[in-house]
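The next block holds one structure in the form of structure tokens; read it before the comments.
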Amino acid sequence: MKKLLLAILPFLLFSVPSFAYPKYIVLNSTRGTIDELTFYQVVCRPNYIDKLGPQSLKQEDYPYDRGDCLLRYIRGTLHIDGMDVPLEYNSFGTTYAQFAIIAKQINNKWSAKIVSADIRGDYQEPNIPKGTEHQ
């Protein structure tokens, strides 16, 4: 039995599919720019998204996969109307990969934040049978 287990073990170890969370993708919904967003992960090295333009969507172009690293926090700076607005997202460790940058101006002062978002979701209107639209 021991010999059988030793013979099968290498096949089990190398036949297990590798698991990886999706790459990060961010929607900048503002008219400002972001030079760099840094994604700090639990135990793993950081990932980056560089040069995120106004009202644009960008996926990280990092040569390495995210692997099975949980996201701990995101840091960056939004440059808008001559102001530098700090951006930050915190988590205890999440698998989220899609985020949006939102900002608002109150009394000529900008505030902004990073929120998790379903960027690649299905935005099609659902099929509603005719005659039941207003029920």
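The values are calculated or read from the model by the stated rules, or taken from the named source; none is laboratory data. Computed from a prediction, not measured in an experiment: that's the story for all the values here. A quick note on method: Cβ atoms are made from the backbone with ideal geometry, for glycine too, and the neighbour counts reach across all protein chains shown. Quick note on the areas: whole protein, heavy atoms, side chains included, nothing else; ligands and nucleic acids left out. Shrake-Rupley method; radii C 1.70, N 1.55, O 1.52, S 1.80 Å.
Inside segment 30-103, counting only strands (runs of 3 or more DSSP E) that do not spill past its ends, which hold 2 or more residues that are small (G, A, S)?
83-94
Looking at segment 47-69 only, could you name the residues that are open to solvent by less than 60 Å² (accessible area, probe 1.4 Å) and either touching a Gly at 6+ places or on another chain (Cβ under 7 Å) or hydrophobic (A, V, I, L, M, F, W, C) (or both)?
As a first pass, look at segment 47-69 and keep what is open to solvent by less than 60 Å² (accessible area, probe 1.4 Å): 47, 49, 52-53, 56, 60, 62, 66-67, 69.
Across segment 47-69, the qualifying residues are I49, L52, C69.
How many residues does segment 84-101 hold that are modelled with pLDDT of 95 or more, closer than 24 Å to Y21 by Cα and β-branched (V, I, T)?
1
Only residues in segment 36-64 that are in contact (Cβ under 8 Å) with a residue 24 or more places away in the chain count as the first member; pair them with residues that are small (G, A, S), Cβ under 8 angstrom, at least 6 apart or cross-chain, and list the lot.
Partner pairs satisfying both residue conditions: E36/G76; L37/G76; T38/G76; V42/G93; C44/G67; P54/G32; Q55/S29.
For C44, only one of the following conditions fails: (1) in contact with a Phe, Trp or Tyr (Cβ under 6 Å, 6 or more places away or on another chain); (2) within 15 Å of A20 (Cβ to Cβ). What is its number?
Result: C44 passes all but (1).
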